[in-house]
Each structure stands twice: as structure tokens, then as C-alpha cells.
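Notes for the one structure printed next.
The values are calculated or read from the model by the stated rules, or taken from the named source; none is laboratory data. Quick caveat, the model's predicted, so the values are computed rather than measured. Cβ atoms come from the backbone with ideal geometry, glycine included; neighbour counts cover every protein chain shown.
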């Protein structure tokens, strides 16, 4: 598995709006389907956390770090209060 590079706040601001830990964000921009929580910061059906799907308009809390996955996307560690679970999710769909 490739090593993940952590992003500092300044780098994150340039790619994901500078969300800080503790910030509440809204899922937006999904054209179809759902935003998955993942066990690893990479787009792969096998690492989805079942029962923790998020949809447009749902609120999540940023609770941890940010990283760029091996797929080149920026992922952030979030808490989904509806599901009571945490995991990695694609920062592109958070506002």
C-alpha cells in the first residue's frame, strides 16, 4: 500500500476550503447516489462502511485529519451523526 501524505492546513485550504477539526459541513454536489464513509482514504467499493451513507443536505462533522489518497482525491476524517460512525470521505462533496 502506498504511503499517504498528510496535508497541513494551508495546503488543505487550497484544495478543500480549509475545513478545521470540529467544523460541521454539509454534503453537497452529489448528482446521483450517496457519499460513502470509508475505512481507507481511497475510492474502492470494498472499503465502504455499510450503513453510513450520506446524501445531499446531510450534515457531517470534521473530526480528524486530511490526506490525499492513492487515487489523487482529498479525503477527510468525518463523523456521521445519523449513523453514529466515523470514516474517511471525499472532501470534494463537503461545503
Open item on the list: residue 25 - would you say it is in contact with a helix residue (DSSP H, G or I) (Cβ under 7 Å, 6 or more places away or on another chain), outside any loop (DSSP other than H, G, I, E, B), at pLDDT below 95 and surrounded by 11 or more Cβ atoms within 10 Å (Cβ to Cβ)?
Closed with: no
Task: For residue 78: the one exception among (1) surrounded by fewer than 19 Cβ atoms within 10 Å (Cβ to Cβ); (2) touching a strand residue (DSSP E or B) at 6+ places or on another chain (Cβ under 7 Å) - done: (1)
Open item on the list: For the condition surrounded by fewer than 17 Cβ atoms within 10 Å (Cβ to Cβ), modelled with pLDDT under 95 and touching a strand residue (DSSP E or B) at 6+ places or on another chain (Cβ under 7 Å), what is the one hit in 15, 68?
Closed with: 15
Open item on the list: With the structure loaded, tell me whether residue 76 is touching a helix residue (DSSP H, G or I) at 6+ places or on another chain (Cβ under 8 Å) and either outside any loop (DSSP other than H, G, I, E, B) or over 12 Å from residue 89 (Cα atoms) (or both) or whether it fails that test.
Closed with: yes
- [ ] Report, by residue number, each residue of region 28-62 that is part of a strand (DSSP E or B) and under 15 Å from residue 95 (Cα atoms).
- [x] 35, 54, 59, 60, 61, 62
